[in-house]
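Participant: One structure coming up, written as structure tokens, with questions to follow.
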Amino acid sequence: MKILFLALLLAGAGVGAQAAGYRRVDVAHSQIRFTSKQMGVPVDGVFHTFDADMAFDPQAPATARGQLRIALSSIDTGNREANEEVAGAQWFDVKRHPEAQFEMRQIRPLGAGRFQVSGILSLKGVSRPLAVDATLKPSGAGQAVLDGAFVLKRLDFGVGGGVWGDVGVVANEVTVQFHLVLEP
């Protein structure tokens, strides 16, 4: 089965960089993707439905706050059967846990347009701290693009139980990539 994951990561959306503040994520032009491995073969996917609330003033990064919500049923692994399998109880259990959330708690500048976004990731009833490095680049019209990636260990969240808990079949590590278009 293909695994997934959430890219959750980043309501961090609020990382900022230039003038005024960022208050919105343009989800139509943003993406949350993932890469897992099944029997050593990379499996790519995407989450089509997510939204975010945020507030970030580059002049006061300590006050940044935000939340990213991903509809887990919007997973697309490129295979309908795999999508249905990962929605089930052993994987995401979308009937009981329809979304994953990342609550941004802090943004720390790292220099040269890089930031560390820290917060709490909640998935399938489990919440864990998460810190992710991201790069912010202006993109015109007051917008900026926040790009980054992180490795998530799915078993830490109880994702992929039973026979799918065998990391020789489906790797424990899932790389989540995000591309978020931020607006004032």
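Participant: Just the residues that are touching a residue at least 60 places away in the same chain (Cβ under 8 Å) and of a type in the set (A, V, I, L, M, F, W, C), please, taken from the stretch 71-88.
Facilitator: Listed by number, the residues that qualify are Leu72, Ile75, Ala82, Val86.
Participant: Can you tell me which residue within the stretch 34-60, out of those that are open to solvent by 90 Å² or more (accessible area, probe 1.4 Å) and touching a residue at least 60 places away in the same chain (Cβ under 8 Å), is farthest from Glu173 (Cα to Cα)?
Facilitator: Met39
Participant: Within the set of pairs 6+ apart or on separate chains, which have a first residue in the stretch 125-144 that is under 21 Å from Gln106 (Cβ atoms), a second that is of a type in the set (S, T, N, Q) and loosely packed, with under 12 Cβ neighbours inside 10 Å, and C-beta atoms under 7 Å apart?
Facilitator: From residues that are under 21 Å from Gln106 (Cβ atoms), there are no pairs.
Participant: Can you pull out the strands (runs of 3 or more DSSP E) entirely within the stretch 1-86 that have at least 2 residues that are modelled with pLDDT of 95 or more and more than 16 Å from the chain's Cα centre (by Cα)?
Facilitator: Strands (runs of 3 or more DSSP E) meeting the threshold: 41-47.
Participant: Determine whether the stretch 134-147 contains at least one residue that is over 20 Å from Met54 (Cβ atoms) and either at pLDDT 95 or above or aliphatic (A, V, I, L, M) (or both).
Facilitator: No - not one qualifying residue is present in the stretch 134-147.
The values are calculated or read from the model by the stated rules, or taken from the named source; none is laboratory data. Predicted model only: the values in this text are computed from it and were never measured. Please note: Cβ atoms are built from the backbone with ideal geometry, for glycine as well, and neighbour counts cover all protein chains shown. The accessibility values were calculated without ligands, DNA or RNA, using every heavy atom of the protein model including side chains. Shrake-Rupley method; radii C 1.70, N 1.55, O 1.52, S 1.80 Å.
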